[in-house]
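Visitor: Once you've had a glance at the structure underneath, I'll fire off some questions.
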Amino acid sequence: MNSPALTFSQMSLNRASSARKSSRWLLEQQNKADTVFLPIWRSLCLFEQDKLALFTRELAITGQLIAQAGNCYFLGLDGEQAVFVLDLSDLSQLQLESLLADKYQAKDFRLSLPLVTVKQAPVLAYGRALNHWHRQCQHCGYCGEKTLSLDGGHRRKCQSESCAKEHFPRTDPVVIMLVEYQPPGEKAKCLLAQHHNIPAKVVSTLAGFVDPGESLEEAVSREVLEEAGVAVEQVTYMASQPWPFPNSLMIGFFARAISDEINIDNDEIADARWFSAEEVRTFDNWGDEGDNYQLPRKESIARYLIDSWLAKQA
Ligand SMILES: [Zn+2]
């Protein structure tokens, strides 16, 4: 199956997984004149007008950003050009403002997505997720000692000699599923829910984190049963999408419901209903005015699953 061109997928960088294990090679890359640094301050990205800011090596060095921030992680090679993420999070608000002057603006990642090109989005997602992990993993989870970044930021090691545990970048798997019910002799319906953490008019697919000791198919069945009280069968993989809020991997499925009975857990979701394709096609887009139901954001795999289902309906 060819993977669909979902936002945050289609990575253009070569991660150079073997080469990045050499600290000498990494230093050479960091010191090349055309190397670029993707700055991130806490959860915010930097923009120069409406363009994603990429710092040159000269700016990063002369601004002592690498020294000040202390954290610079290798993302990959764009052709011959090395790309690093530069964590500015240790700078205070005042220091950041002084650095930005009037040239750059710090912007919310999600709200600034329309300014990011198709090629930049996966790099930004990757840099943001990797950076988030480093900020979470400064101390060893076993003994509490400080950890040190290795392999260009793709491994951390506990500095306690007696512990010396290694830590690796973390990705949290989330299953997300479009559930269909086909009444005998009638047109199919899909199950969409209103969620507590998104605007009330938006109806979307169900989703949930995979539990330890659980297959993806089991996670789909469990989540749909827990959230909507619907039993499913025929769980089929569709597509996956890196989701850097902060470091999830969304794994998308279709699932077929055994019956259309719904029994909602209101702690999990606000509401869930079956909708026909005709109804879903009348829905507005996220952020539109008016009281109509709205579909999930266009860049989300939830929207991809809904659109894929609609395309199959008469
Ligand atoms: Zn330790």
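The values are calculated or read from the model by the stated rules, or taken from the named source; none is laboratory data. Since we're looking at a predicted model, the values are computed, not measured. Positions of Cβ are backbone-derived with ideal geometry, glycine not excepted, and every protein chain shown enters the neighbour counts.
Visitor: Please specify each residue of segment 152-191 satisfying the condition of being crowded, with 19+ Cβ neighbours inside 10 Å, of a type in the set (D, E, K, R) and under 28 Å from Gly213 (Cβ atoms).
Guide: Passing the criteria: Arg156, Glu180.
Visitor: Could you grab the pairs with beta carbons closer than 6 Å, sequence gap of 6+ or different chains, first residue in segment 69-93 and closer than 13 Å to Leu44 by Cα, second one in a loop (DSSP other than H, G, I, E, B) and of a type in the set (Phe, Trp, Tyr)?
Guide: Here the result reads none, with nothing in segment 69-93 linked to a residue that is in a loop (DSSP other than H, G, I, E, B) and of a type in the set (Phe, Trp, Tyr).
Visitor: Could you tell me how many of the residues in segment 149-166 are modelled with pLDDT under 95 and not in a loop (DSSP other than H, G, I, E, B)?
Guide: Count: 2.
Visitor: Which one of the conditions (1) at pLDDT 85 or above; (2) assigned to a loop (DSSP other than H, G, I, E, B); (3) over 24 Å from the mean Cα position of the chain (by Cα); (4) of a type outside the set (Ser, Thr, Tyr) does Asp90 fail to meet, given that it meets all the rest?
Guide: Unmet for Asp90, out of (1) at pLDDT 85 or above; (2) assigned to a loop (DSSP other than H, G, I, E, B); (3) over 24 Å from the mean Cα position of the chain (by Cα); (4) of a type outside the set (Ser, Thr, Tyr): (3).
Visitor: Okay, next question. Only one of Asp265, Asp307, Asp288 is within 27 Å of the chain's Cα centre (by Cα), more than 21 Å from Thr171 (Cβ to Cβ) and in a helix (DSSP H, G or I); which?
Guide: Asp307
Visitor: Which of the residues that make up segment 185-212 are small (Gly, Ala, Ser), modelled with pLDDT of 95 or more and within 23 Å of the chain's Cα centre (by Cα)?
Guide: Of everything in segment 185-212, those that are small (Gly, Ala, Ser), modelled with pLDDT of 95 or more and within 23 Å of the chain's Cα centre (by Cα) turn out to be Ala193, Ser204, Ala207, Gly208.
Visitor: So, one more: So is Arg273 without any contact (Cβ under 8 Å) to a residue 24 or more places away in the chain, surrounded by 13 or more Cβ atoms within 10 Å (Cβ to Cβ) and of a type in the set (Lys, Arg) or not?
Guide: No, not satisfied.
Visitor: Sticking with this structure for a sec: Can you name every residue in segment 132-149 that is within 15 Å of the ligand (Cβ to nearest atom) and in contact (Cβ under 8 Å) with a residue 40 or more places away in the chain?
Guide: The answer is Ser149, and nothing else.
Visitor: While we're on this one: Among the candidates Pro169, Pro212, Pro173, Pro199, which residue alone is more than 16 Å from the ligand (Cβ to nearest atom) and assigned to a strand (DSSP E or B)?
Guide: Details: Pro169 fails: assigned to a strand (DSSP E or B); Pro212 fails: assigned to a strand (DSSP E or B); Pro199 fails: assigned to a strand (DSSP E or B).
Testing whether each residue is more than 16 Å from the ligand (Cβ to nearest atom) and assigned to a strand (DSSP E or B) leaves just Pro173.
Visitor: Take the residues in segment 55-81 that are at pLDDT 90 or above and either of a type in the set (A, V, I, L, M, F, W, C) or buried (at least 17 other Cβ atoms within 10 Å of the Cβ) (or both); name whichever of them is nearest to Leu91 (Cα to Cα).
Guide: If we take residues in segment 55-81 being at pLDDT 90 or above and either of a type in the set (A, V, I, L, M, F, W, C) or buried (at least 17 other Cβ atoms within 10 Å of the Cβ) (or both), then Tyr73 is nearest to Leu91 (Cα to Cα).
Visitor: A follow-up question, please. Based on this model, can you work out whether Lys107 counts as away from the ligand (no atom under 16 Å from the Cβ), closer than 30 Å to Gly208 by Cα and in contact with a Ser or Thr (Cβ under 8 Å, 6 or more places away or on another chain)?
Guide: So Lys107 fails the test.
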